[in-house]
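Trainee: Sharing a structure, written as structure tokens. Questions coming.
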Amino acid sequence: MIILDIQTLGQQKAQQAVDFFESLKLTKGKFHGCYFDLQPWQDKVVRDLYGTLKPDGNRQYKTAYIEIPKKMGKSEMGAAFALKQLCADGEWLGEVYGCAADKANASQVFDVAVEMIDQEPELKKRCDIILSKKRIVYRPTKSFYQVLSSEAYSKHGLNVSGCIFDEIHAQPNRGLYDVMTFGSGDAREQPLYIIISTAGDDPDRISIGWEIHEKAEQIILGNKIDPAFYPVLFGVDPDEQRIWTGWGYKTFKELSLKANTFDKEGWKDRKIWSLVNPSVGVTVKYEKLEEALTSVQGNAAEERTFKQLRLNIWVKYRSTKWVPYETWMENTGIVDRQRLRGRECYGGLDLSSKMDMTASVLIFTPTEEDPKYSILPTFWIPEDNVDRYVEKYNLPYRKWIDMGLLKTTPGNKIDYHFITEEILKQKEEFDILEMAYDPFLADMIEADLTAGGMTMVELRQIFQYMSPPMEELEAYLHGKHINHGNNPILNWMFGNLEVIKNVNGQIRPTKAIKKGNSKNVKGTEYYKIDGIVALITGMSRVIVNKDNTSVYEERGVRGG
């Protein structure tokens, strides 16, 4: 009996895996019926995953995260991994799962796998395909491949030997990911989790996809060590001025890219394309990228999609139908609470139902030392409801609480007495001249605040009264006269905002929801705009009391 050293054994297993992949046939378009000739980047991934072994001879890597742009053969790669784990991993009673956000997406890789089996006689005679259940059974080892989606899955009884997660960024929450990865493969000696995804649309940076992306970044940069995690990133990070090239990166400086013009013009630079699209010229021709670029130019929404899907840039700004999110984010800076003391301000209050979030915003008027309107928001939520929102909607409420950005009131209902005391404490700290409020739900708190010495001004949330402060706020934002302090809760709420307009051209805020959906929820997403409504409400008092000799009128309105 010949005993191989680990390195030689690893090389052997890597070659066996490559041979299996290349024995399969591709399924789409002109490539249908052609053998899967692995591209260099694919060959490296397969060899690394199956050929890097621990001293006991088992695979070192348990999880692979492969982030790659559209049309790079992602579905074919995922299907080949699924079949390798199902049919050629030597696992008795193996359980391989194909996971995605919904049934349609979860079926894409499965459908490719089925077509691959149909084209390979040796696999076809050993596999039973049950289309109605989206299930493939490999009879020799009594193993199966089963499709799961976040819409319907069991939380119990899984014994995972392989898992293919497609488009992890689209998961509505971390529920399915946690079920599949935390302990479900512990009974297996070398389970393998393959996560293949494009960049996500997650401006709030709260998705499980972004969490895994960040982990991959930190490992490649050498800031984090996880021997069982294999990261591969292809894409662009404009904020950090990096081009991810799979297992490393190049800087904007190396490529003569200018960070300050990248968002407008730099992203069109063709030298980026081959770096972030490793199969360009094979799975997609350069001409197709050129056509796509020509098609999207001048349309902000389509340019945004091109950057996300073709350059693998994580979406930073949420698309809004009022002031662009980019403009909102140009109005940020440091808000120093101590330096706000003694400075005149106006307040806006937006009360919620007793189960939900409530917001108060203070707007500090400009001074010669600080010529912008500084915004100081406060948010409250019932303590007993926090975990429910975290679990159901994947919101980072606990993180915001730990950061001191979100306050909790006792119990499972908003405690108006608690909020009244908090606002009156703010009155002692700051020079609050007036506070505007919507009379709906506010009778008790208005009386208590008035008794505490606060000047309260009613503002009904109708077109007539909401349109002027919204228009004023819009002008200030475009002129860069606001400093909202980059508060993540306020940023999230601004991204949730849309406007509605009446026949007179007046506007008022509304949540970004589709017709026919419930008040706050679209699918499994959750929309809140309380902080922005409070800001608009407070702005109504700013414009009423604006001094004719304000700093703007003395020196003129200017940007920046």
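We did not get these values from a lab; they are worked out from the coordinates using the rules stated. Just so it is clear, the structure is predicted and the values come from calculations on it, not from any experiment. Note that we place each Cβ from the backbone using ideal geometry, even for glycine, and neighbour counts take in every protein chain shown.
Trainee: With the radius of gyration and the Kirkwood radius both derived from the Cα set of the range 271-342, what is their ratio Rg to Rh?
Mentor: Rounded to two decimals, Rg over Rh is 1.23.
Trainee: Here is a further query. May I ask you to list the residues of the range 67-90 whose amide nitrogen lies under 17 Å from a point 7 Å from Cα along the Cα→beta-carbon direction of LYS215?
Mentor: Only 67-68 fall inside the zone, counting backbone N under 17 Å.
Trainee: In what sequence, highest mean first, do 56-67, 535-546 appear when ranked by Cβ atoms within 10 angstrom?
Mentor: Ranked from most to least packed, the peptides come out as 535-546, 56-67.
Trainee: Could I get the Rg over Rh figure for the chain? Both from C-alpha atoms, Rh via Kirkwood, rounded to two places.
Mentor: Using only Cα positions, Rg/Rh for the chain is 1.04.
Trainee: Testing the spin-label approximation: label points 7 Å from Cα along Cα→Cβ at ARG126 and ASP269. State their distance in nm.
Mentor: 4.9 nm
Trainee: Another question, if that's okay. On a 0 to 90° scale, report how tilted helix 300-310 is relative to the longest principal axis of the chain, with both axes built from alpha carbons and the result rounded to the nearest 10.
Mentor: 30 degrees
Trainee: Suppose R0 equals 35 Å. What FRET efficiency, 1/(1 + (r/R0)^6) with r the Cβ-Cβ distance, do LEU93 and GLU391 give to the nearest 0.05?
Mentor: Computed FRET efficiency for LEU93 and GLU391: 0.65.
Trainee: Could you give the length gained on full extension between GLU368 and THR450, defined as 0.36 nm per residue of separation minus the Cα-Cα distance, in nm?
Mentor: Answer, rounded to one decimal: 26.4 nm.
Trainee: How far is the Cα center of the range 12-60 from the Cα center of the range 167-243, in Å?
Mentor: Between the Cα centre of the range 12-60 and that of the range 167-243, the gap is 21 Å.
Trainee: Something else: For the range 220-313, what is the convex hull (Cα atoms) projected area averaged across all directions, in square nanometres?
Mentor: Mean shadow area of the hull around the Cα atoms is 6.8 nm².
Trainee: Reported to two decimal places, what Rg/Rh ratio describes the range 1-119 when computed on Cα atoms with Rh from the Kirkwood expression?
Mentor: On the Cα set of the range 1-119, Rg over Rh gives 0.98.
Trainee: Averaged over all directions, how much area does the convex hull of the C-alpha atoms of the range 16-310 cover when projected, in nm²?
Mentor: Projected over every direction and averaged, the Cα hull of the range 16-310 covers 15.7 nm².
Trainee: Still on this structure, I have one more. Using just the Cα positions, wrap the range 345-428 in a convex hull and report its mean projected area in square nanometres, one decimal place.
Mentor: Taking the Cα atoms of the range 345-428, their convex hull projects to 6.3 nm² on average.
Trainee: Right, something else. Report, by chain and number, residues whose modeled amide H sits under 5 Å from the one on TYR97, excluding near sequence neighbours (fewer than 5 apart, same chain).
Mentor: Excluding prolines and chain starts, which carry no amide H, the hits are GLN146, GLY162, CYS163, ILE164.
Trainee: A further question on this structure: Taking a cut-off of 33 Å, what percent of all Cα-Cα pairs in the range 325-555 are separated by more than that?
Mentor: Of the Cα pairs, 12 percent sit more than 33 Å apart.
Trainee: Something else now. So what are the ³J(HN,Hα) numbers for the range 43-49, from phi and the Karplus equation (6.51, -1.76, 1.60; θ = phi - 60°), rounded to whole Hz, Gly and Pro as x?
Mentor: In residue order, the calculated couplings are 4, 5, 4, 4, 5, 5, 5 Hz.
Trainee: Just to confirm the number: angle between the C-alpha axis of helix 6-23 and the first principal axis of the chain, 0 to 90 degrees, nearest 10?
Mentor: 90 degrees
Trainee: Same structure, new question: Using the Karplus curve 6.51 cos²θ - 1.76 cosθ + 1.60 with θ = phi - 60°, work out ³J(HN,Hα) for each residue of the range 208-214 in order, rounded to whole Hz, and write x for Gly and Pro.
Mentor: 5, x, 5, 4, 6, 4, 4
Trainee: Restricting to the range 16-310, what percent of DSSP beta bridges are antiparallel, rounded to 5?
Mentor: 40 percent
Trainee: Compute the helix-to-body angle for 74-87: its Cα long axis versus the longest principal axis of the chain, expressed 0 to 90° and rounded to tens.
Mentor: 50 degrees
Trainee: Please give the calculated 222 nm ellipticity per residue for the chain, where each DSSP H segment of at least 4 residues contributes -39500 (n - 2.57) and the sum is spread over every residue; nearest 500 deg cm²/dmol?
Mentor: Counting only the DSSP helices, I get -11000 deg cm²/dmol.
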